[in-house]
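S.K.: Right, I'll just put the structure down here and ask away after.
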Amino acid sequence: MGSTGTVLRELRGAQKSAKGVSLYSRYVNRPAGRVLAAGAYRTGLTPNQVTLISGLFTYSAIAAVALVEPSWTLGLVVWAGLVIGFAFDSADGQLARLTGRGGPAGEWLDHVVDCGKLLLVHAAVLISFYRFGELPSDGWLLLPLGFQLAAVVTFCAGLLREHLGKAAAGQATTAPAAPVSRARAVALLPADYGVFCLVFLLLGAPGVFLAGYAALAVVHTLFLAAFLAKWFRELRALRPG
């Protein structure tokens, strides 16, 4: 087992392409995940165990949103739990590529945890609104449901685009590195899960949190419409290989 520095260098060489990745994921989440993956490798953890650690941090933070009255302290704790869980979510794939221990079962587990968090985080916000919020009207309770729909459809449609595209084009499981657009990476920031996590830092000011959460819901819905149109055009242009 090499030194931590050696492991980190090997992990840098095993990164996914940065194409279609926002600045946050590229410069914050992936590097954090790389450090966690190196630590997991040194301690003998498997990629699946890292996935479960990611779920533990994420789901604990989500449960806190639903069960604890909003405050600045809660916001900081929730943000930290979600961000650490997101970094471990990056670490499991990096560790799998480093060790060659990845596979369909691990990928399936990772996607199940990811899908669960997208469903539950907005359900937790809905519960918090109902239990603790002073909303302008009951109609605002529909906001988390709409945000949940946009987030889950984006996630599922993106996965299907990736797998159906590879099947039709006869591509390998790992796509080759592609030129990265800095402008696109900046434009994708509002749709990045790591940026979404930042809104929970506003839990101490419920009105501000509501405004920020609503703004992100609108942005994610607009991104969903753009992604669906783009992915449909791309798949329609493909023919089975």
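The values are calculated or read from the model by the stated rules, or taken from the named source; none is laboratory data. Computed from a predicted model, the values in this text were never measured in an experiment. Reconstructed Cβ throughout: ideal geometry from the backbone, glycine too, with neighbour counts over all protein chains shown. Remember, those area values only see protein heavy atoms, side chains included, never the ligands or the DNA or RNA. Shrake-Rupley method; radii C 1.70, N 1.55, O 1.52, S 1.80 Å.
S.K.: Give the residue, chosen from Thr154, Thr174, that is open to solvent by 30 Å² or more (accessible area, probe 1.4 Å) and modelled with pLDDT of 75 or more.
M.R.: Thr154
S.K.: Take the residues in segment 102-143 that are aromatic (Phe, Trp, Tyr) and open to solvent by 50 Å² or more (accessible area, probe 1.4 Å); name whichever of them is nearest to Pro206 (Cα to Cα).
M.R.: Phe132
S.K.: Considering (1) assigned to a helix (DSSP H, G or I); (2) within 21 Å of Arg34 (Cβ to Cβ); (3) open to solvent by 30 Å² or more (accessible area, probe 1.4 Å), say which one Asp92 fails and leave the rest.
M.R.: Here Asp92 meets the rest and fails (3).
S.K.: Can Arg161 be described as in contact (Cβ under 8 Å) with a residue 40 or more places away in the chain, in contact with a Phe, Trp or Tyr (Cβ under 7 Å, 6 or more places away or on another chain) and open to solvent by 50 Å² or more (accessible area, probe 1.4 Å)?
M.R.: Spelling it out, Arg161 is indeed in contact (Cβ under 8 Å) with a residue 40 or more places away in the chain, in contact with a Phe, Trp or Tyr (Cβ under 7 Å, 6 or more places away or on another chain) and open to solvent by 50 Å² or more (accessible area, probe 1.4 Å).
S.K.: Same structure, new question: When you look at Gly39, is it farther than 26 Å from Trp231 by Cβ, modelled with pLDDT of 90 or more and in a helix (DSSP H, G or I), yes or no?
M.R.: yes
S.K.: Here is a follow-up. Out of curiosity, is Thr73 part of a helix (DSSP H, G or I), under 17 Å from Phe132 (Cα atoms) and either hydroxyl-bearing (Ser, Thr, Tyr) or open to solvent by less than 30 Å² (accessible area, probe 1.4 Å) (or both)?
M.R.: Here the answer is yes, as Thr73 does meet what is asked.
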